[in-house]
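This report concerns only the one structure given below.
The values are calculated or read from the model by the stated rules, or taken from the named source; none is laboratory data. All figures in this text were calculated on a predicted structure; none of them were measured in a lab. Ideal geometry is used to build each Cβ from the backbone, glycine not excepted, and the neighbour counts take in all protein chains shown. Heavy atoms of the whole protein, side chains included, go into the accessibility calculation; ligands, DNA and RNA do not. Shrake-Rupley method; radii C 1.70, N 1.55, O 1.52, S 1.80 Å.
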Amino acid sequence: MKFPEFFASAPQITVRDPLARFLGAAEEGVIEYGYGDAVKLAGHSCPTIAAAYLMTRAALRALYADTLPERGGIRVELRDSMLAGVTGVIANVVSLFTGATQDTGFKGIAGRFDRRGLLFFGVDIPGQIRFTRVDSGAAATVVAHLERVPGDPRIAALMPFCVAGTATDAQAALFQALWQDRVRTILIDHADDPKIIAVQH
């Protein structure tokens, strides 16, 4: 499997999962994720996936400044409904790193490690996603301003040909390169830019 080279330069997300530790799946339960893991989950790389990745990273950094985030110990609420736009895609990415699910997650062992009832949609919040620590109640709300990182105008011109299957090899290659370059700009150049990934406590 060969990803674009910039995937490896993206910031990582590291968490501690008590369940992984309990079952011996990872030493001390520490799990390291990269942007490629989100791409494998979604099956593609786009600005939405990059934004979901960075919003999760930013919220976890805000909530766990001095320790590793606890996967499975975070409540996630999304402003939009489950079927609205790309909300479901974003939720899947967030769930990968937080373990939060509605009712399809792990049911737990002897009352511990339950991952259900931690993911909610259509919540009235002043942002896209609110992350709340179950242990302390501390919360962080995040929003991504992708409109502030516009793509190359040639993308819109090439898209119809690619969708219709009439693009030449050169046109398809240019479209892909321009598309991923916008993702790279978001993911690498603006990873810590509060004007693009804004966090509210």
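Taking the stretch 158-201, which residues are of a type outside the set (S, T, N, Q), crowded, with 17+ Cβ neighbours inside 10 Å and in contact (Cβ under 8 Å) with a residue 40 or more places away in the chain?
Of everything in the stretch 158-201, those that are of a type outside the set (S, T, N, Q), crowded, with 17+ Cβ neighbours inside 10 Å and in contact (Cβ under 8 Å) with a residue 40 or more places away in the chain turn out to be Trp179, Arg182, Val183, Arg184, Ile186, Leu187, His190, Ala191, Ile196, Ile197, Val199.
Which one of the conditions (1) open to solvent by less than 30 Å² (accessible area, probe 1.4 Å); (2) within 22 Å of Val142 (Cα to Cα); (3) of a type outside the set (S, T, N, Q) does Ala65 fail to meet, given that it meets all the rest?
Of (1) open to solvent by less than 30 Å² (accessible area, probe 1.4 Å); (2) within 22 Å of Val142 (Cα to Cα); (3) of a type outside the set (S, T, N, Q), only one is false for Ala65: (1).
Cβ-Cβ below 7 Å, separation at least six or inter-chain, first residue in the stretch 94-109 and over 21 Å from Tyr53 (Cα atoms), second in a helix (DSSP H, G or I) and hydrophobic (A, V, I, L, M, F, W, C): which pairs?
If the second residue must be in a helix (DSSP H, G or I) and hydrophobic (A, V, I, L, M, F, W, C), the pairs left are Phe106/Leu19.
Condition test on Asp135, is it in contact with a Gly (Cβ under 7 Å, 6 or more places away or on another chain), open to solvent by 60 Å² or more (accessible area, probe 1.4 Å) and not in a strand (DSSP E or B)?
Working: in contact with a Gly (Cβ under 7 Å, 6 or more places away or on another chain): yes; open to solvent by 60 Å² or more (accessible area, probe 1.4 Å): yes; not in a strand (DSSP E or B): yes.
Yes, satisfied.
Kindly check whether there is at least one residue in the stretch 123-145 that is under 25 Å from Gly43 (Cβ atoms) and touching a Ser or Thr at 6+ places or on another chain (Cβ under 6 Å).
The answer is no, given that none of the residues of the stretch 123-145 is under 25 Å from Gly43 (Cβ atoms) and touching a Ser or Thr at 6+ places or on another chain (Cβ under 6 Å).
Among the residues of the stretch 1-36, write down those that are charged (D, E, K, R) and surrounded by fewer than 18 Cβ atoms within 10 Å (Cβ to Cβ). Reasoning before the result, please.
Within the stretch 1-36, the subset charged (D, E, K, R) is 2, 5, 16-17, 21, 27-28, 32.
Listed by number, the residues that qualify are Lys2, Glu5, Arg21, Glu27, Glu28, Glu32.
Could you count how many residues in the stretch 108-132 are open to solvent by 30 Å² or more (accessible area, probe 1.4 Å) and either of a type in the set (S, T, N, Q) or outside any loop (DSSP other than H, G, I, E, B) (or both)?
Looking only at that region, the number is 5.
Name the residues in the stretch 111-122 that are in contact with a Ser or Thr (Cβ under 7 Å, 6 or more places away or on another chain) and either aliphatic (A, V, I, L, M) or modelled with pLDDT of 95 or more (or both), would you? Working first, answer last.
Of the residues in the stretch 111-122, the ones in contact with a Ser or Thr (Cβ under 7 Å, 6 or more places away or on another chain) are 115-116, 118-119, 121-122.
If the condition is that a residue be in contact with a Ser or Thr (Cβ under 7 Å, 6 or more places away or on another chain) and either aliphatic (A, V, I, L, M) or modelled with pLDDT of 95 or more (or both), then Arg116, Leu118, Leu119, Phe121, Gly122 are the ones that fit.
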